[in-house]
Amino acid sequence: MVWLNRVEAYLDELEVVADGLSRQMKQIQVDQVPKAKSDSEQNIGVDGSLAVTVNAGTKQIAECLSDLENRVAQREVLLRAADAPQPGLTLSEKLGSLKDQRSTRLRKRCELIGEMMADINNHAVSLFICQFHLANITDDVVRIMAGVSEPTTYGNESKPSPLGGNLFNESA
């Protein structure tokens, strides 16, 4: 199989994985909590709290990420292939060195998939920030109402902590 054919097949697979991951990330909501179980189904942890269950969406995201990791290994094989163009360290660079219509089209696909992955990353970081702050919303509201300075969240201790709720805005 010609190198460009293998690259095209790889991009097809990568696009399917990225699209699946993107769809899963869009289905995850900030307030998503596992459904409550009846008393007979509850698992009590060592500390007396309910054990956290992983919902189906999180499992599917883990599967998508595993598929994505496999694609990274495939990319390395493509980059080191004997019939791959010599100049360049990435697929985009190698495709750009060929200067034909098909390689230009494949290079543009690489860029589009890269943009899709950047959007997925931004979405994941945003969800983390929201979940992080919503997990402590009660403590934050009590702290603000009591007039206590806000804690440093991300290790930025050189900056004075103002009163109020700017922590979420700064993080976002």
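The values are calculated or read from the model by the stated rules, or taken from the named source; none is laboratory data. Since this is a predicted model, take the numbers as computed values, not measurements. Note: ideal-geometry Cβ built from the backbone for every residue, glycine included; neighbour counts use all protein chains shown.
Details
- For L65: the one exception among (1) over 22 Å from L127 (Cα atoms); (2) modelled with pLDDT of 55 or more: (1)
- Only one of V16, V7, V2 that is modelled with pLDDT of 90 or more, under 19 Å from the mean Cα position of the chain (by Cα) and more than 18 Å from N122 (Cβ to Cβ): V16
- Selection of first residues in the range 115-144 that are farther than 19 Å from G20 by Cβ and of second residues that are among the β-branched types (V, I, T) and surrounded by 11 or more Cβ atoms within 10 Å (Cβ to Cβ), restricted to Cβ pairs under 6 Å at least 6 apart or on distinct chains, gives the following pairs, ordered by first then second residue: C130/V30.
- Pairs where the first residue, in the range 70-87, is part of a loop (DSSP other than H, G, I, E, B) and the second is of a type in the set (K, R) and surrounded by 12 or more Cβ atoms within 10 Å (Cβ to Cβ), C-beta under 8 Å, 6+ apart: A81/R6; A84/K94; P85/K94; P87/K94
- When L95 is tested against (1) in a loop (DSSP other than H, G, I, E, B); (2) over 26 Å from the mean Cα position of the chain (by Cα); (3) not aromatic (F, W, Y), just one condition goes unmet, and that condition is (1).
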